[in-house]
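Just below is one structure, and these are the notes that go with it.
Just so you know, all these numbers are worked out from the coordinates, no wet-lab data involved. Quick caveat, the model's predicted, so the values are computed rather than measured. Glycine gets a Cβ as well: all are built from the backbone with ideal geometry, and neighbour counts include every protein chain shown.
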Amino acid sequence: MIVMKFGGTSVEDARAIERSAGIVKGRLEHNPAVVVSAMAQVTDQLLAMARAAGTGDRKTALKLCRALQERHYNTAGELLGTALFTQFHSDLGADFETLEELLRGIAAVGELTPRTTDYVSAFGEMLSSKIVAAAFSALGMDSALVDSREWLVTDSAHMRAAPLFDETNQRLQSQVAPLIAAGKVPVMGGFIGATKAGITTTIGRGGSDYSAAIVGAGLSAERIEIWTDVDGMMTTDPRLCPEARRIKVISFDEAAELAYFGAKVLHPATVLPAVQKNIPVYVLNSRNRDCEGTKITARAPRCRNFFKAIAVKKRITIVDVAAPRMQLAHGFLSSIFAAFERHRVAVDVVSTSEVSVSLTVDSNESIPPLAADLAKLADVKYEGRKAIVCLVGENLRDTPGIAARVFGELADVKIRMISQGASEINLTFVVEEDTVPEIVRRLHKTFFSDLDPEVFA
């Protein structure tokens, strides 16, 4: 069997869903299980109405809700026709009544909690999976709607819940595997799950990719297909460098590094369950189904190019922590990272000297209180408007002098931090954000002008 995940742009309207249905029909002999995201932009709209309700603005929250209801009704109506939609209408209507009631409750209390945020944001995948399952049936497939909260069991860390794999895999085997064995096409919403007590949770933004990988690993799929609106993973962001080219095949390790450092085609955690089961992941374009996309596999073929891709992560802040009197005394580093943990701020790049530590973090509202906490330990400064540039490739393991070639090309660029060695497959450095386009174009011209045809399209 295979797992096919369709992103928001692949289910954004009736035409996109019909296109995705055609792709699934072409895979029926492989016994597909289908995971879908919310329709494009729907999660953002759900979060906006939840925030409005949380401030007591019930009118705005309900207005946004009714606009969303109309969009889903229109899409379902186009797909199902009058007779089928009449039967389906009440089911959708009940979901939106529940959502409106929830928004009214939030507005009355004037408080939005993580648990309630999960409940609101889960509606996107709940609604899209219902519409897609009904559309598949209308288009001649024997589909079966599966509520993901019935099989994806998580802890109770709302908005970023962690799957409990033993329980999840047991439920996949007992609830989803029999449907596939019976020749049905299970349709499930990604991103959402539930605790053992049945309380709705979500596994973080972009989590539908992760859901697909969990299904694939739990059911021992032969492959996992991530259908999106691009032709696959690219050598860099085409918006920064029009000369970017498609990567035909890449290793799990390289893809994970690229995903973490800004390549948005995949959720960073997507590859983890697949790696454990050695299941290949394909990134494909639902608008260009003839393109072979990118294959992500345990071990990619040898490539004559030094790098596979250049990733960029913008909106980065550098936090400098200096303690000349303590000189990095025992426990100093653990105290620093404990502060980051308390404020739930993730660290990307770390550089240390005898008396100071520099770290990069995503720019967010947590940084001022974090800095105030760190100031109890040492002198603290932070600077925003930075970017991380990450060059990834397995050839770094065995290639001497590669850093000299990279930084020789950037001899006139102000480099703030450098990291190499923590990972054998990436070279990472931090620069001013406004220099990124020029840096990426120069590096791409140097390292991707002559491409290995076995690895790049």
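Only Lys, Arg, Asp and Glu count, each charged at its Cβ (+1, +1, -1, -1), so figure out the dipole size of the chain about its Cα centre, rounded to 20 debye.
Dipole size: approximately 240 debye.
Which GluC sites (Glu not before Pro) in segment 139-231 pass both tests, a DSSP loop state and at most 15 other beta-carbon atoms within 10 Å?
Of the GluC sites (Glu not before Pro), the ones in loops of segment 139-231 whose Cβ has at most 15 other Cβ atoms within 10 Å are E222.
Quick one: putting +1 on the C-beta of Lys and Arg, -1 on the C-beta of Asp and Glu, what dipole do you get for segment 1-61 around its Cα centre, in Debye to the nearest 20?
Dipole of segment 1-61, to the nearest 20 debye: 60 debye.
Here is the link list: K130/K184; K5/K277; K314/K376; K25/K248; K295/K445. Which ones come out longer than 21 Å on Cα distance?
K314/K376; K25/K248; K295/K445
Quick one: compute the contact order of the chain, relative version, from alpha carbon pairs under 8 angstrom and 6+ residues apart, as a percent.
Here the relative contact order equals 14 percent.
Would you please calculate the Kirkwood hydrodynamic radius of segment 229-322 over all C-alpha pairs and express it in Å, rounded to one decimal?
Hydrodynamic radius (Kirkwood, Cα pairs) of segment 229-322 is 14.2 Å.
Using DSSP, restrict attention to beta bridges with both residues in the chain and report what percent are antiparallel, rounded to the nearest 5.
That works out to approximately 60 percent antiparallel.
Which percent, nearest 5, of DSSP beta bridges in segment 2-229 are antiparallel?
In segment 2-229, DSSP labels about 20 percent of beta bridges as antiparallel.
Tell me, what ³J(HN,Hα) does each residue in segment 359-371 have, in order and in whole Hz, if you take phi through Karplus 6.51 cos²θ - 1.76 cosθ + 1.60 with θ = phi - 60° and put x for Gly and Pro?
After applying 6.51 cos²θ - 1.76 cosθ + 1.60, I find 9, 10, 9, 5, 5, 7, 5, 7, 5, x, x, 4, 4 Hz.
Give the average over all directions of the projected area of the C-alpha convex hull of segment 309-447, one decimal, in nm².
Mean shadow area of the hull around the Cα atoms is 8.9 nm².
How much of the DSSP bridge set in segment 141-222 is antiparallel, in percent, rounded to the nearest 5?
Antiparallel: roughly 45 percent of the beta bridges in segment 141-222.
Enter the mean projected area of the convex hull around the alpha-carbon atoms of segment 1-116, in nm², rounded to one decimal.
Result: 8.2 nm².
Collect residues whose amide H, placed 1.01 Å from N in the peptide plane, falls under 5 Å from the amide H of M234; neighbours closer than 5 in sequence don't count.
Excluding prolines and chain starts, which carry no amide H, the hits are I247.
For segment 2-229, what does the relative contact order come out to in percent, with C-alpha contacts under 8 Å and a separation of six or more?
29 percent.
Which order do R289, R416, R299 fall in if you start with the one that has the fewest other Cβ atoms within 10 Å?
Ascending Cβ contact count within 10 Å gives the list R299, R289, R416.
Please list 3J(HN,Hα) in residue order for segment 304-312, calculated via the Karplus relation 6.51 cos²θ - 1.76 cosθ + 1.60 where θ = phi - 60°; whole Hz, with x for glycine and proline.
For segment 304-312, the Karplus curve yields 7, 7, 5, 10, 8, 6, 10, 10, 9 Hz.
Answer rounded, prolate or oblate for segment 2-229, using the Cα gyration tensor with square roots of eigenvalues a ≥ b ≥ c: rounded when a/c is under 1.5, else prolate when a/b is larger than b/c, else oblate.
oblate
Which residue, chosen from T116, G408, A212, occupies the Cα position most advanced towards the positive end of the dipole of the chain, where the dipole is computed from +1 (Lys, Arg) and -1 (Asp, Glu) charges on Cβ about the Cα centre?
G408
Could you size up the charge dipole of segment 309-447 around its Cα centre, putting +1 on the beta carbon of Lys and Arg and -1 on that of Asp and Glu, and report it in debye to the nearest 20?
140
Which of the three applies to segment 1-59, rounded, prolate or oblate, going by the alpha-carbon gyration tensor with a ≥ b ≥ c and a/c under 1.5 meaning rounded?
Taking the square roots of the gyration eigenvalues as a ≥ b ≥ c, segment 1-59 is prolate.
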